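Data first, discussion second: the structure below is written as structure tokens.
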Amino acid sequence: MLAAGDLIPMQFGSFVSEAQAIVGRPLTPGSVAGVARRTTRRVIRRSSVYVAALPAGCVRTSVSGAVVWRCGGAYYQPYGDRYVVVYID
């Protein structure tokens, strides 16, 4: 059992002299980029609108691991032999 005379006073912060953040390390648990990546998920919602062919100038991209085609401000996802309009939230 400890008595009052056995306690050793310590200054606050004697364990760590200063906090350090490493710039460019987004995978660190407390980094803003790491937190944003873990809390922000993009959701793809299908509509009931289908098209037989994509408009000109579409770019193939990936959203949350799903392949979609971006055509201006619209997104399309392959569905069989046609494409369905999708909304990305």
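Each of Asp81 and Ile44 was given a label point 7 Å from its Cα along the Cα-to-Cβ line. The distance between the two points is 2.2 nm. The phi-based Karplus calculation (6.51 cos²θ - 1.76 cosθ + 1.60; θ = phi - 60°) puts the 3J(HN,Hα) values of the range 43-59 at 10, 9, 10, 7, 9, 9, 9, 10, 10, 7, 9, 7, x, 5, x, 7, 10 Hz, whole numbers, x for Gly and Pro.
The heavy atoms of Arg42 present about 130 square angstrom of accessible area, all protein chains included, probe 1.4 Å.
The values are calculated or read from the model by the stated rules, or taken from the named source; none is laboratory data. All of these numbers come straight from a predicted model, not from anything done at the bench. Neighbour counts are summed over all protein chains in view; Cβ atoms, including those assigned to glycine, are modelled from backbone coordinates with ideal geometry. Quick note on the areas: whole protein, heavy atoms, side chains included, nothing else; ligands and nucleic acids left out. Shrake-Rupley method; radii C 1.70, N 1.55, O 1.52, S 1.80 Å.
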